[in-house]
1. Just checking, how many residues over the stretch 57-77 are surrounded by 14 or more Cβ atoms within 10 Å (Cβ to Cβ) and at positive phi?
2. If you check residue 30 against the conditions, is it in contact with a helix residue (DSSP H, G or I) (Cβ under 7 Å, 6 or more places away or on another chain), buried (at least 18 other Cβ atoms within 10 Å of the Cβ) and at negative phi?
3. Within the stretch 16-30, can you find the residues that are modelled with pLDDT under 95 and either within 12 Å of the chain's Cα centre (by Cα) or closer than 15 Å to residue 77 by Cβ (or both)?
4. Show the residue pairs that are 6+ apart or on different chains and have beta-carbon atoms under 8 Å apart, the first residue being within the stretch 1-15 and in contact (Cβ under 8 Å) with a residue 12 or more places away in the chain, the second being exposed (fewer than 15 other Cβ atoms within 10 Å of the Cβ) and of a type in the set (A, V, I, L, M).
5. Find all pairs meeting these conditions: Cβ atoms under 8 angstrom apart; at least six residues apart or on different chains; first residue within the stretch 49-77 and in a helix (DSSP H, G or I); second residue of a type in the set (D, E, K, R) and modelled with pLDDT of 95 or more.
6. Return the residues of the stretch 78-90 that are surrounded by fewer than 18 Cβ atoms within 10 Å (Cβ to Cβ) and in a helix (DSSP H, G or I); say none if nothing qualifies.
Amino acid sequence: MTLETVRTICRALPRVTEDIKWAHDLCFCVGGKMFAVVDLERPHSIAFKCTPESFGELVERPGIVPAPYMARNMWVQEQQLGDALDRHEIEALIKTSYALVVAKLPKRLQPGAQKTTARAAKPTARRRKS
């Protein structure tokens, strides 16, 4: 598993943006909210949001820990990218993380939401010339 594979998985999802935060973390966001973070320094680690059920299951696996600072929000961290999870597992978990974050976004920010057009301005009354 490589950093580029994670980028490919994340960037394939609708309306995803990426940027570097905290000097060395590549963050993937939708609607301005993070759903996955990869440490750019070796060994690469990955953190993502998960359901409460999968949180309990995942942290029991060697190589996966509650994500620092984010565990209370049901985030886990694979300490070395590709060590504990294979590509298919990571892809499914990233998609779940994305879906969890999208579900919490306001409707107008959710991918697929139709953009509303500006309301038509009221016609102004014309002045009569005297």
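1. 2
2. yes
3. Within the stretch 16-30, 22, 24 qualify.
4. 3/40
5. 73/49
6. The answer is 87, 88, 89.
The values are calculated or read from the model by the stated rules, or taken from the named source; none is laboratory data. Small disclaimer: the values here were computed from a predicted structure and weren't measured. So basically every Cβ, Gly included, is an ideal-geometry build from the backbone, and we count neighbours across all protein chains shown.
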